[in-house]
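The values are calculated or read from the model by the stated rules, or taken from the named source; none is laboratory data. Predicted model, so just to flag it, every value in this text is computed and none were measured. Here the Cβ positions follow ideal geometry from the backbone for every residue, glycine too, while neighbour counts run over all protein chains shown.
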């Protein structure tokens, strides 16, 4: 479990695309600063309630710069905040992507969110395969 100041990405644990991208992010985070929690899990549900966000609507990821803080970013703002934590290439991409107006970025995000289950499948969150031992400590139930 991260300390209160560690950043956490809340993601849809039933989305095949989301799960694959989160594992890729975890492997890319060489400094092991970022933690992950499925939106369906206890930690994320408590965070969503604390922040006044929907607890049933999983069409957006939620990035928490501090695990127990009150700040958050969703959709592409959340993605870009996560990328800013990674290596120099990801940070450069995030800076460039911020030049695209947020509504345009988020329209693309919503389009992918609408079709992700059809294209990448849906995973049973409870029965889903746990991350390997090299990533296990970074995932919060």
Would you check which residues across the stretch 96-107 are assigned to a helix (DSSP H, G or I), surrounded by 12 or more Cβ atoms within 10 Å (Cβ to Cβ) and without any contact (Cβ under 8 Å) to a residue 24 or more places away in the chain and list them?
97, 107
Quick one: residue 121 ticks every box in (1) within 15 Å of the chain's Cα centre (by Cα); (2) at positive phi; (3) modelled with pLDDT under 95 bar one, so which box is it?
(1)
All positions within the stretch 43-84 that are at pLDDT 95 or above and within 14 Å of residue 18 (Cβ to Cβ):
44, 61, 62, 63, 74, 75, 78, 79, 82
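Being part of a helix (DSSP H, G or I) and in contact with a strand residue (DSSP E or B) (Cβ under 9 Å, 6 or more places away or on another chain) is the filter; apply it to the stretch 27-44 and report the residue that is surrounded by the most Cβ atoms within 10 Å (Cβ to Cβ).
At the first step, the residues of the stretch 27-44 found to be part of a helix (DSSP H, G or I) are 27-28, 42-44.
Okay, now just the ones that are also in contact with a strand residue (DSSP E or B) (Cβ under 9 Å, 6 or more places away or on another chain), so 43-44.
On the way: 43: 21, 44: 26.
This residue is 44.
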Counting only residues that are over 15 Å from residue 121 (Cα atoms), in a loop (DSSP other than H, G, I, E, B) and at pLDDT 90 or above, the stretch 1-12 contains a total of 2
If you check 75, 19, 32, which single one turns out to be under 14 Å from the mean Cα position of the chain (by Cα) and at positive phi?
75
Give me the residue from the stretch 108-127 that is assigned to a helix (DSSP H, G or I) and touching a helix residue (DSSP H, G or I) at 6+ places or on another chain (Cβ under 6 Å) and, out of that set, surrounded by the most Cβ atoms within 10 Å (Cβ to Cβ).
109
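Condition check ((1) free of Cβ contacts under 8 Å to residues at least 60 places away in the same chain; (2) closer than 21 Å to residue 122 by Cβ) across all residues:
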site	(1), (2)
14	no, yes
17	no, yes
25	no, yes
45	yes, yes
51	yes, no
54	yes, yes
72	yes, no
77	yes, no
88	yes, no
Can you name the residue in the stretch 52-94 that is in a helix (DSSP H, G or I) and touching a strand residue (DSSP E or B) at 6+ places or on another chain (Cβ under 7 Å) and is also surrounded by the most Cβ atoms within 10 Å (Cβ to Cβ) among such residues?
82
Of all residues in the stretch 27-43, count the ones that are touching a residue at least 60 places away in the same chain (Cβ under 8 Å) and closer than 21 Å to residue 112 by Cα.
4
